[in-house]
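Before any comments, here is the structure.
Please treat every number below as a calculation from the coordinates, not as lab data. Quick caveat: nothing in here was measured; it's all calculated off a predicted structure. Because the Cβ atoms are built from the backbone with ideal geometry, glycine has one as well, and the counts that use them run over all protein chains shown.
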Amino acid sequence: MKLPIYQIDAFASRPFSGNPAAVVVLPEWLPDRTLQAIAQENNLSETAFVVPRGEHFDLRWFTPTQEVDLCGHATLASAHVLLQHGYTRRAEVVFHSAGGVLAVKREGELLVMDFPARPPRPIEADAAVARALGAAPTELHASRDLLAVFERQADVERLNPDFAAIAALDTFAVIATAPGETCDFVSRFFAPRAGVPEDPATGSAHCTLVPYWSQRLERRTLRAQQLSRRGAELLCEDRGERVGIAGRAIEYLRGEILVA
C-alpha cells in the first residue's frame with residue numbers, strides 16, 4: 001500500500017524553524033500498531049493521521065512512543081496539507097479527534113486553530129519539579145501538564161532539565177513559562193514520558209498558557225514565542241472556553257510511504 005506523506009514545519013517563520021510534523025492521509029484507518037510503527041519510523045515529535053469523514057476529517061496524533069489526546073502543531077500541519085493539496089474545497093477544515101471537534105481556517109498567511117481552553121489551577125510548590133527542571137519556579141499550576149512560572153525569560157532559557165526526573169513526575173509534561181522580552185510570554189515544553197524530551201513548538205501547551213497569561217496580563221490577544229533550539233512564533237487569543245492559536249506552516253517534503 002502506498003500512502004501520501006508530507007512533512008510540515010508548523011509555527012515556523014522561516015524554513016527549518018518551528019516544529020516538524022509528518023502528515024499521512026489515509027483512505028481508512030489502519031491497525032493502531034501500524035500507525036504507531038509509522039510514527040516511530042518517522043521519529044518526529046508527532047505524526048498526524050487523517051481520514052476523510054464526509055466534508056470533515058478524523059484526526060489522530062502519535063509520538064514515536066504513544067498516541068496523544070491533543071496536538072496543536074500537527075493539527076496546523078494537517079490543515080495546511082488538506083488546504084494546500086486539494087483534499088478539501090472548503091475554507092475551513094473541521095477535524096474530529098480525541099481532543100474534541102477542532103476547526104482550522106486560513107486567514108492570509110496564517111492558519112488559525114480553534115482549540116479547547118485548559119485553564120490551570122494553582123498548586124503547592126513541589127521540590128521534585130524544581131529538581132527536575134534545575135531551578136525553582138515562582139508559581140506552580142496544573143492542568144493536563146504542570147505549568148512552572150518563572151520571573152524572567154532568561155530563567156526559562158537557562159533551564160537544563162533532567163529528563164529522567166521529569167518523566168518520573170505524575171504529569172504528561174512540564175511547561176516552563178515567563179514574561180517575554182519581545183513578546184507577551186515565552187515557554188518551553190518537556191514531555192520525555194511521551195518520547196519528546198523537548199518539543200520545538202507545542203500548540204496544546206497554549207491551551208493552558210493562554211488562559212493563564214490572558215488573566216495575568218488582562219489581555220485577550222497575545223504574542224508568544226517558544227524558546228526551543230528551532231524557535232517558534234504563535235499568535236493567541238483567549239476566547240473563554242476556547243483559545244485561538246495561529247501560526248504559519250512551511251512544507252519541507254512530500255512523498256509516499258510503503259506499508260505492507
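Points worth noting:
- From the alpha carbon centroid of the range 122-177 to that of the range 194-247 is 16 Å.
- Remark: 58, 184 ranked as 58, 184, counting other beta-carbon atoms within 10 Å and listing the fewest first.
- P(r) weight above 35 Å for the chain, C-alpha pairs, percent: 12 percent
- Estimated dipole of the range 121-238 in Debye, rounded to 20 [Cβ of Lys and Arg +1, of Asp and Glu -1, Cα centre]: 160 debye
- Cα gyration tensor shape of the range 5-125, rounded if a/c is under 1.5, else prolate or oblate by comparing a/b with b/c: rounded
- Relative contact order of the chain, defined on C-alpha pairs under 8 angstrom at six or more residues apart (%): 23 percent
- Rg and Dmax of the range 140-260, based on Cα coordinates, read 15.3, 54 Å.
- Along its principal axes, the range 63-198 has C-alpha extents of 52, 35, 24 angstrom, given from the largest down.
- Structure-based [θ]222 nm, the chain - -39500 (n - 2.57) summed over DSSP H runs of at least 4, per residue, nearest 500: -5500 deg cm²/dmol
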